[in-house]
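A.B. asks: Please find one structure pasted underneath; my questions will follow.
The values are calculated or read from the model by the stated rules, or taken from the named source; none is laboratory data. All figures in this text were calculated on a predicted structure; none of them were measured in a lab. Glycine gets a Cβ as well: all are built from the backbone with ideal geometry, and neighbour counts include every protein chain shown. Side chains are part of the model used for accessible areas, which takes the heavy atoms of the whole protein and leaves out ligands, DNA and RNA. Shrake-Rupley method; radii C 1.70, N 1.55, O 1.52, S 1.80 Å.
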Amino acid sequence: MSIWEYANPVKFMRLSGAVLPWLVPLAAICLLGGLIWGYSTPPDYRQGASVKIMFLHVPSAMMAINIWIMMLVASLIWIIRRHHVSALAAKAAAPIGAVMTLIALVTGAAWGQPTWGTWWEWDPRLTSFLVLFLFYLGYIALWEAVENPDSAADLTGVLCLVGSVFALLSRYAAHFWTQGLHQGSSLSVAPGERMSAVYRYPLYVCMIGFFLLFLILLLVRTRTEIRIRRTAALQAREARP
Amino acid sequence: MTALLLRDLRLAIRAGGGFGLGLAFFLILCTLVPFGVGSDGDILGRIAPGILWVGALLACLLSLDRIFALDHEDGSLDLLATAPIPLEGAVAAKAGAHWLTTGLPLVVAAPLFGLLLHLPLQAVPNLLISLLIGTPALSMLGAFGAAITVGLRRGGLLLSLLVLPLYVPTLIFGAEAVRRGAAGMDATTPLIFQAAISLSTLALIPFAAAAALRINLR
């Protein structure tokens, strides 16, 4: 019994089918609960009510980066061990990551307008997120452009590897280029630097909710991809004389 | 590898279109910018470092699909893949030929274009050095993008989407070096970063590009 067993599409389908009905209500509770809890927090003494965008902004930004890392790991597994589910999971994750990046950018703009007085600033964090968004777009476009599914998985895998290095590099390059408005980190472990518990706990719940949401979408999309593959295989078999 | 390099150079020069195209594009860009932002020398001088680097980047992008596409069409890329030299070496040679035909002319012509855009004279050495160090990275990364998109229909458009995000760090450090030169500041740090990017792409990208080519030729 090892984790590689679930690289078998049949086992993966069975496990994900069993887990999904449990995940959905759990994610709904976390998301709705976290957002409502976050919405009912008192306004910040400097930022006012606008601080509540944080409960969408921070989790989506966190997921935007983590989904790319997940795609990197999935691509590596595909390149090294040739498990098809892994490649399909990477493919399924990319649009979710792109949307998360977009949510982070849009909520960030909506938050920046009242607090910094500007919708957009060429700040290192903001700029590197825009570049990350471009990487997601390129990755998705490459999946769409290549017809042979195995070649597509290989090519996007290589692109993901190279892209990861450069996404990281862009982040530090942007830091060097200009000093920004964006605060350093939102969830520092050091006491005194971190925000008060009133905001922190609902934020944790929202983060868990976003993660579960990603997991659900990922499983559903991967299942769809597997079914598309099966349909294609069936059609190919029927078309054969 | 030398033979391949010379062959690509000869093709670029004799077949026409490849060699001067980047330069002509750069010249057009430098002509269009003053129409767009106004001919005020102060403003032009201030934005010149960025415009020059963005121009170099776009001029480079313009000729990228020529690296592998023509050889893919007439089948010589398959021959290269089965040739006794490693495919990584072939990629490096082809990227080198691309640099010699687009990157190097840009470096040589850059002071002239800087003059057109009112770039302060003291920034010209920095412009030359940063382009000289940075354009090899552009050619290598471009070869990677070209290798990924080689047998695709409408690969050209996809190529720019894939390659431009990869160009971001090079652009940032390059433009920063020129800007520091224009302000009379020391530009060693961005130049060192740029050299690091170029050297690591030289060392690693041939493997990634060759892997992509092998997938596409399979």
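A.B. asks: Just one of the numbered conditions (1) within 18 Å of A:VAL58 (Cβ to Cβ); (2) open to solvent by less than 20 Å² (accessible area, probe 1.4 Å); (3) out of contact with any Lys or Arg (no Cβ under 8 Å at 6 or more places or on another chain); (4) modelled with pLDDT of 85 or more is not true of A:VAL99; which one?
C.D. replies: Condition not satisfied by A:VAL99: (2).
A.B. asks: Based on this model, can you work out whether A:ALA167 counts as open to solvent by 20 Å² or more (accessible area, probe 1.4 Å), closer than 15 Å to B:ILE148 by Cα and either aliphatic (A, V, I, L, M) or more than 9 Å from chain B (Cβ to nearest Cβ) (or both)?
C.D. replies: no
A.B. asks: Something else about it: May I ask you to list the residues in region B:163-184 that are at the interface with chain A (Cβ under 9 Å from one of its Cβ atoms), open to solvent by less than 10 Å² (accessible area, probe 1.4 Å) and among the aliphatic types (A, V, I, L, M)?
C.D. replies: Correct list: B:VAL163, B:LEU166, B:ALA175.
A.B. asks: Residue check: is A:ALA104 crowded, with 18+ Cβ neighbours inside 10 Å, in contact (Cβ under 8 Å) with a residue 40 or more places away in the chain and closer than 18 Å to A:THR222 by Cα? Reasoning before the result, please.
C.D. replies: Numbers: crowded, with 18+ Cβ neighbours inside 10 Å: yes; in contact (Cβ under 8 Å) with a residue 40 or more places away in the chain: yes; closer than 18 Å to A:THR222 by Cα: no.
When the stated conditions are applied, A:ALA104 does not pass them.
A.B. asks: Could you figure out which of (1) of a type outside the set (A, V, I, L, M); (2) within 17 Å of the chain's Cα centre (by Cα); (3) surrounded by fewer than 19 Cβ atoms within 10 Å (Cβ to Cβ); (4) closer than 16 Å to B:ASN126 by Cβ isn't true of B:GLY156?
C.D. replies: Failed condition: (4).
A.B. asks: Could you say whether any residue in region A:35-43 is within 28 Å of A:THR222 (Cβ to Cβ), in contact with a Gly (Cβ under 8 Å, 6 or more places away or on another chain) and surrounded by fewer than 19 Cβ atoms within 10 Å (Cβ to Cβ)? Lay out the reasoning, then the answer.
C.D. replies: Keep residues of region A:35-43 that are within 28 Å of A:THR222 (Cβ to Cβ), which gives A:35.
This time we only want the ones that are in contact with a Gly (Cβ under 8 Å, 6 or more places away or on another chain), so: A:35.
Adding the requirement that they be surrounded by fewer than 19 Cβ atoms within 10 Å (Cβ to Cβ) leaves A:35.
Checking region A:35-43: at least one residue is within 28 Å of A:THR222 (Cβ to Cβ), in contact with a Gly (Cβ under 8 Å, 6 or more places away or on another chain) and surrounded by fewer than 19 Cβ atoms within 10 Å (Cβ to Cβ).
A.B. asks: Where residues in region A:107-138 are more than 14 Å from chain B (Cβ to nearest Cβ) and aliphatic (A, V, I, L, M), which of them is surrounded by the most Cβ atoms within 10 Å (Cβ to Cβ)?
C.D. replies: Here the residue is A:ALA109.
A.B. asks: Follow-up. Kindly evaluate A:ALA141 against the criterion of being buried (at least 23 other Cβ atoms within 10 Å of the Cβ) and assigned to a helix (DSSP H, G or I).
C.D. replies: no
A.B. asks: Right, here's the next one. Do you know which residues across region A:139-164 are more than 7 Å from every other protein chain (Cβ to nearest Cβ) and not hydrophobic (A, V, I, L, M, F, W, C)?
C.D. replies: Within region A:139-164, A:TYR139, A:GLU144, A:GLU147, A:ASN148, A:PRO149, A:ASP150, A:THR156, A:GLY157, A:GLY163, A:SER164 meet the criteria.
A.B. asks: All but one of (1) modelled with pLDDT under 80; (2) open to solvent by 70 Å² or more (accessible area, probe 1.4 Å) hold for B:GLY17, so report the exception by its number.
C.D. replies: (2)
A.B. asks: More than 13 Å from every other protein chain (Cβ to nearest Cβ) and open to solvent by less than 20 Å² (accessible area, probe 1.4 Å): which single residue out of B:LEU100, B:LEU127 fits that description?
C.D. replies: Numbers: B:LEU100 fails: open to solvent by less than 20 Å² (accessible area, probe 1.4 Å).
After applying the criteria, what remains is B:LEU127.
A.B. asks: On to the next question. Given the options A:PHE210, A:PHE133, A:PHE214, name the one that is closer than 30 Å to B:GLY50 by Cα and either in a helix (DSSP H, G or I) or at pLDDT 75 or above (or both).
C.D. replies: Criteria check complete, one pass: A:PHE133.
A.B. asks: Any idea how many residues of region B:196-218 are farther than 18 Å from A:SER128 by Cβ and open to solvent by less than 30 Å² (accessible area, probe 1.4 Å)?
C.D. replies: The first filter runs over region B:196-218 and keeps only residues farther than 18 Å from A:SER128 by Cβ, leaving B:196, B:198-218.
Then keep just the ones that are open to solvent by less than 30 Å² (accessible area, probe 1.4 Å); that gives B:198, B:201, B:205-206, B:208-210, B:212-213, B:215.
Of the residues in that region, 10 qualify.
A.B. asks: In this structure, does A:ARG14 turn out to be basic (Lys, Arg), modelled with pLDDT under 85 and open to solvent by 60 Å² or more (accessible area, probe 1.4 Å)?
C.D. replies: Considered against the rule, which asks whether it is basic (Lys, Arg), modelled with pLDDT under 85 and open to solvent by 60 Å² or more (accessible area, probe 1.4 Å), A:ARG14 comes out as no.
A.B. asks: Same structure, new question: B:ASP71 passes all but one of (1) within 18 Å of B:SER139 (Cα to Cα); (2) over 19 Å from the mean Cα position of the chain (by Cα); (3) surrounded by fewer than 19 Cβ atoms within 10 Å (Cβ to Cβ); which number fails?
C.D. replies: With (1) within 18 Å of B:SER139 (Cα to Cα); (2) over 19 Å from the mean Cα position of the chain (by Cα); (3) surrounded by fewer than 19 Cβ atoms within 10 Å (Cβ to Cβ) applied to B:ASP71, the lone miss is (3).
A.B. asks: Take A:ALA92 and decide whether it is surrounded by fewer than 24 Cβ atoms within 10 Å (Cβ to Cβ), small (Gly, Ala, Ser) and out of contact with any Pro (no Cβ under 6 Å at 6 or more places or on another chain).
C.D. replies: In short, yes.
A.B. asks: Would you be able to say whether some residue in region B:194-212 is out of contact with any Pro (no Cβ under 8 Å at 6 or more places or on another chain), within 17 Å of A:LEU159 (Cβ to Cβ) and either more than 10 Å from chain A (Cβ to nearest Cβ) or of a type in the set (Val, Ile, Thr) (or both)?
C.D. replies: The answer is yes; a qualifying residue exists.
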